[in-house]
Amino acid sequence: MTPDSLRAALGGVPDPDWLDTALRRVTIEPTAITRLFPAAGRRCGRAALPDAPGWTADDAARVLLLTSLPADHAAYAERLYQHGDAAERRAVLRALPLLPIGADGVALLHDAIRTNDTRLVAAALGPYARHLDQAAWRQAVLKCVFSGVPLANVADLDTRADSELTAMLAALAAERHAAGRELPADATDLLHRLTAALPREA
């Protein structure tokens with residue numbers, strides 16, 4: 001999603017004037033975001049957005065607030081994440097790939113992946129996860145399998161999956177099979193795809 005598409009999807013929020021004013025405010029008074037960010041859920045609602053599948057109104061409004069900042073995006077993202085509730089933290093994570101911060105938000109991904117909140121784990125593995133090193137990314141994928149986060153949430157899964165992830169999934173599958181359990185269907189499908197792609201021995 002882009003800021004323009006999120007703004008269009010928010011056309012029917014309960015208080016569009018508040019949102020317009022808030023977005024203008026942070027462009028001229030960046031510190032105002034610290035009070036506007038938490039208020040977005042109350043003023044814009046938390047309903048799912050029909051024109052932005054997987055997004056809620058408060059998520060989209062908060063992402064737009066962050067993208068409207070004129071500068072210091074990484075510093076504000078960290079501050080809002082550290083002081084926010086789960087919904088606010090999820091919005092910060094979803095905003096990261098849209099902010100001009102390079103890899104400066106990676107620490108927030110690591111924090112989110114360590115939590116037991118599946119919403120944060122899922123948000124952390126969106127497009128910005130390209131900044132995770134391969135070892136951390138593999139562990140995050142396994143965290144999804146363990147915690148029940150659908151692998152459809154993992155950006156670039158098929159292009160980043162490698163032989164080490166294949167081996168890790170195969171070991172987990174064997175462990176679960178021995179215990180009379182199975183991997184989730186999406187993890188089993190991924191393992192089958194990865195195994196089929198391995199070079200066959202002569």
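In the range 64-80, of all residues being among the hydrophobic types (A, V, I, L, M, F, W, C) and part of a loop (DSSP other than H, G, I, E, B), the one that is most open to solvent (accessible area, probe 1.4 Å) corresponds to ALA71. If you take the residues of the range 9-39 that are of a type in the set (D, E, K, R) and farther than 20 Å from ALA77 by Cα, which of them is surrounded by the most Cβ atoms within 10 Å (Cβ to Cβ)? Taking the candidates together, the pick is ASP15. Taken over the range 81-91, the criterion of being assigned to a helix (DSSP H, G or I) and open to solvent by 10 Å² or more (accessible area, probe 1.4 Å) is satisfied by GLN82, HIS83, ALA86, ALA87, GLU88, ARG89, ARG90. Taking the criterion of being in a helix (DSSP H, G or I) and open to solvent by less than 10 Å² (accessible area, probe 1.4 Å), the residues of the range 40-63 that qualify are ALA40, GLY41, CYS44, ALA57, ASP58, ASP59, ALA60, ALA61, ARG62, VAL63. Between ALA185, ALA173, ALA179, ALA155, the distinction of being more than 28 Å from LEU108 (Cα to Cα) and surrounded by 12 or more Cβ atoms within 10 Å (Cβ to Cβ) belongs to ALA173 only.
Table: residues versus (1) touching a residue at least 24 places away in the same chain (Cβ under 8 Å); (2) more than 21 Å from VAL121 (Cβ to Cβ); (3) out of contact with any Cys (no Cβ under 6 Å at 6 or more places or on another chain).
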| site | (1), (2), (3) |
| --- | --- |
| ARG35 | no, yes, yes |
| ALA40 | yes, yes, yes |
| ARG46 | yes, no, yes |
| PRO53 | no, no, yes |
| ALA57 | yes, yes, no |
| ALA61 | yes, yes, no |
| TYR76 | yes, yes, yes |
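Would you check if there is a residue in the range 104-117 being within 26 Å of GLY11 (Cα to Cα), open to solvent by 30 Å² or more (accessible area, probe 1.4 Å) and at pLDDT 95 or above? There is no residue in the range 104-117 that is within 26 Å of GLY11 (Cα to Cα), open to solvent by 30 Å² or more (accessible area, probe 1.4 Å) and at pLDDT 95 or above.
The values are calculated or read from the model by the stated rules, or taken from the named source; none is laboratory data. Bear in mind the structure is a predicted one, so any value in this text is a computation, not a measurement. Every residue, glycine as well, gets a Cβ built from its backbone with ideal geometry; the counts of neighbours run over all protein chains shown. With ligands, DNA and RNA removed, areas are computed over all heavy atoms of the protein, side chains included. Shrake-Rupley method; radii C 1.70, N 1.55, O 1.52, S 1.80 Å.
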